[in-house]
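The values are calculated or read from the model by the stated rules, or taken from the named source; none is laboratory data. Small disclaimer: the values here were computed from a predicted structure and weren't measured. Cβ sites come from the backbone with ideal geometry, for glycine too, and all protein chains shown count toward neighbours.
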Amino acid sequence: MSQEYKFEGWVALDEKSIDGNLKFQEYEPKKFDETDVDIEIMYCGMCGSDLHTISGGWGKPKYPQVVGHEIVGKAVRVGSEVKHVKVGDIVGVGAQSDSCRECVQCKQNREVYCDLGQTGTYNGIYQRGEGKGDKSYGGYGNYARHPGHFVFKIPDELDPALAAPMLCAGATVFSPLKQYGAGTTAKDVGIIGIGGLGHFGLLFAKALGANVTAISHSESKKDAAMKMGASRFIATHSGGDKDFEPYRRSLDLIICTTNDANMPLSGYISLLRPTGTLILVGVPEKPLPEIGASTLIFSNVHIGGSCIGSPEVIREMFDVAVKEKVTPWVEKRKLEDVNATIQDMRASKQKFRYVLVNEKNGGKL
């Protein structure tokens, strides 16, 4: 099949690209496989992971690199083995592009935790199919090519621009909220950090029926948090015991979205009731604060982690978003303004989530 479009995007060439030096240029995508889908990109959410990757904060990436793993657009080429989407559908891709599909984890709908390791939507290497050995590229561009198993039809009821950040940020918090019983066995849920991830935590915890507590280092986002569904707000100004004592043992589940390596971990743990769980979804670039075993033992609390969302989880998340009318708070920016927008993210100017808009492909500001 002939291809009448080029794969072009805003490319990071080295660590200096983080200073606003992404270059718009052509690149070579993975070789097309009959299990793949080509997407004409309309929207791409901007995730903190993008910045950590461009800068090399999580380790040197595979330059040149096109980041962006909250991709929504029109399917323009669909492999013969893909049955759940067709050309012309509005589809999306989240933070995972592929997995082995054969191990126990993959067969149990836990592809995120594939025994051979997941292939990221960018900065990954494909381990199967016609594109084996090829590099994955993300959504800061015009087109994207990804295996159909990880491509989702966007529900007609959702605004495609708002669906984009759900594919990573939304799924990353929805997954542990569901796994640990938000709204059922975990009636009282806390969300730490009220940013791109955290605001989704508030929205989905509320949608799942939980009583939601927003937890932030200051009160600057208190009004917004309450509008998103929080019934209580805890400001941890100093990170000391006095900030936490009034709320001690009041939560069943906490989702921590912050990337702050100096988080007051002991204080957060004190908010949990016995048998409660603290789940980390943010990924600091440095080690977490030390914590004594007795803190966990004598409180009977648990600390764990959770990574993005599997295809099954993402489909369930979309069902909840449609049913409960979950509406994320986003700010749209033109794709060509990506370098300036990255600098705004580094300066913490974004309130919740930026979404890049590709107007040439039909995206609307």
Task: Lone unmet requirement of (1) surrounded by 13 or more Cβ atoms within 10 Å (Cβ to Cβ); (2) touching a residue at least 60 places away in the same chain (Cβ under 8 Å) for residue 334 - done: (2)
TODO: For residues that are part of a strand (DSSP E or B) and within 21 Å of the chain's Cα centre (by Cα), scanning just segment 46-85, find the one that is modelled with the lowest pLDDT.
DONE: 65
Open item on the list: Yes or no: segment 264-280 includes at least one residue that is at pLDDT below 95 and not small (Gly, Ala, Ser).
Closed with: yes
- [ ] Pick out, from segment 278-365, the helices (runs of 4 or more DSSP H) lying fully within it that include 2 or more residues that are among the basic types (Lys, Arg).
- [x] 311-324
Open item on the list: So residue 6 passes all but one of these: (1) part of a loop (DSSP other than H, G, I, E, B); (2) crowded, with 24+ Cβ neighbours inside 10 Å. Which condition number does it fail?
Closed with: (2)
Open item on the list: With surrounded by 18 or more Cβ atoms within 10 Å (Cβ to Cβ) and either modelled with pLDDT under 95 or not assigned by TED's automatic domain parsing to the domain that holds residue 90 (or both) as the only criterion, which of 181, 141, 195 stands out?
Closed with: 195
- [ ] Starting from segment 199-225, take each residue that is in the same structural domain as residue 352 (by TED's automatic domain parsing) and list its partners that are assigned to a loop (DSSP other than H, G, I, E, B), counting only C-beta distances under 8 angstrom and pairs at least six apart or across chains.
- [x] none
